[in-house]
Each structure stands twice: as structure tokens, then as C-alpha cells.
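What follows is one structure encoded as C-alpha cells, with my remarks underneath.
The values are calculated or read from the model by the stated rules, or taken from the named source; none is laboratory data. None of the values given here were measured: they were computed from a predicted structure. Note that we place each Cβ from the backbone using ideal geometry, even for glycine, and neighbour counts take in every protein chain shown. These accessible areas exclude ligands, DNA and RNA; they are computed on the full protein's heavy atoms, side chains included. Shrake-Rupley method; radii C 1.70, N 1.55, O 1.52, S 1.80 Å.
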Amino acid sequence: MIYGRNPVHEALRARRRPVHRVWATPGAAKEPWLAGVSVHVVDGEEVARRAGSDAHQGLVAEAGPYPYADAAQLLRAPRPLLVALDEVQDPQNVGAIARSAECAGATGLVLPRHRSAEVTPAVCKASAGAVEHLPVATVRNLADFLSEAKQAGLWVYGADAAGVPYDRPDYGDAGTVLVMGAEGRGLRPRVRSSCDALVALPLRGRMESLNVSAAAAVLLYAISPAHP
């Protein structure tokens, strides 16, 4: 089930997976982009029941399974810009990072299959539907994937407070993987050691760290000019 106006809209627009049925409140059913779509007009309680959430904005849709991408194929893209998340478990963070990655023109997002948020309805909502456009792949072992990325000629940069200032590296013309660590814990030791370099954002205030999704957005836009 996909809920929220942007997630439902983007699922219909992307056409990467079938949208079987749509339920909407009378107000939400007036969205112009629903013209030509068969919509079941129901009350808000029915929409909330089907969505399993009150954050539905009057719309919920039944869609096919999420079409995960193939990680090896993402590595074969021309000069790819990939974001890899090391056991980020908060759906809000995963969704927000997916949205930033899609807006920055990233090639794809890579998630571990275990101890990580998947593309759930909550992630779809938090991404504002970006996951319908951005390829998302899952891998059994993230450190092994990073090794494969380096063998394919990509540079791997991990976000870590002990890293060099983020604007120091020359991100160059090669493909890039940006690795973001879990909330609070950061990068696991083996994942950290799999990176070519660690980069950090300056903290000029009193807080000790940025939220992982905010840090990812800044770093993505720092790196993306090298991947037009």
C-alpha cells in the first residue's frame, strides 16, 4: 500500500510498478493528475484503515511489489553516483536520503538486506515518492559491495567525523559511492575500512552531529557536479 499524495502521484507517473486500485477522500479525488484514473471515493477513516497510517493526505493506493534494482547493474552505469547506507534503520531517514539522492541526480541507492529499513510504505511517504524514480538495490554484505565497486573503478567515500573536510577531495570523473553510517553509531569498522577516504562536514555550532539525511543531502550536492 502506498499512501500520501506525492507517493501515489509519483507511482502513477513513474509506471515502474502497477497501481491496481486507488482510494481517495472526496477532496483528494479532485487532484487533476487523477483524471482518467479509476478512484474509489471513500471517507477518511476508510483511507486511514487501508493505509495503516493517519499520514495519508486523503489518498492510498494498492500497488505491485517494489521493483528493486540489481546492484551489479548500478555499478555498470556510466560514471555512477551511488549512495550506500550502512544499517540506517529509520524509515524517515531512508526516505529523506532517497529524495535528496533523486533530486541530486544520483544513479541509485544501495541498502543492506539485514538490519536496514527496506522500501516500505513509510519510506515511500518520507521520500515523497522519490523511490518510484530512483533505483534502489539491496546487497547481502555492504563491505563486499564496496570492494566490488572499487574493482569496477569507483571511488568510495565514507561520511565520518574523523574524515577530511568534505570540500578537500577532488571527486573527479570516476564513479563515486557515498557511504552514510547508521544513526548514532556511524560506519561499522569493516565498512569504514572499505572506503578509499573519509569525509566530514564542519560543525560550527554546539551540536555534535548532523542528522544522517541532512548530511547526505549536503554531501550529495558537493559530489554531484562531478557527475553531470
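General observations
- Normalised per residue, the accessible area of the range 1-44 is 56 Å², obtained with a 1.4 Å probe and no contribution from ligands, DNA or RNA.
- Measure of compaction for the chain (Cα Rg per 2.2 N^0.38 Å): 1.08
- Simple point charges give the picture: +1 on the Cβ of Lys and Arg, -1 on the Cβ of Asp and Glu, and for the range 44-97 a dipole about the Cα centre of about 320 debye.
- To put it simply, the accessible area of the chain at a 1.4 Å probe is 49 percent carbon and sulfur.
- Label point at Asp144 placed 7 Å out along Cα→Cβ; residues across the range 178-214 whose backbone nitrogen lies under 18 Å: 188-195
- Calculated FRET value between Cys103 and Gln151, using beta carbons and R₀ = 22 Å, to 0.05: 0.15
- Reference-scaled alpha-carbon Rg (2.2 N^0.38 Å with N residues) for the range 1-68: 0.99
- Rg and Dmax of the range 1-117, based on Cα coordinates, read 16.2, 48 Å.
- Computed FRET value (nearest 0.05) for Arg206 with Val164, which takes r as the C-beta separation and R₀ as 30 Å: 0.85
- Of the three principal axes defined by the Cα atoms of the range 102-228, the extents in descending order read 39, 36, 31 Å.
- Tyr68-Val37 FRET efficiency (beta carbon distance; Förster radius 25 Å; 0.05 resolution): 0.50
- Nearest-ten-degree value, helix 142-151 long axis tilted from longest Cα axis of the chain: 60 degrees
- Within the chain, antiparallel bridges make up roughly 25 percent of the DSSP beta bridges whose residues both belong there.
- Looking at the range 145-221 alone, DSSP beta bridges between its own residues are antiparallel in about 10 percent of cases.
- Charge dipole (the chain, unit charges on Cβ, about Cα centre) - positive-most of Tyr171, Pro18, Ser38: Pro18
- With an a/c value of 1.5 or above and a/b not larger than b/c for the gyration tensor axes a ≥ b ≥ c computed over the alpha-carbon atoms, the range 187-228 is described as oblate.
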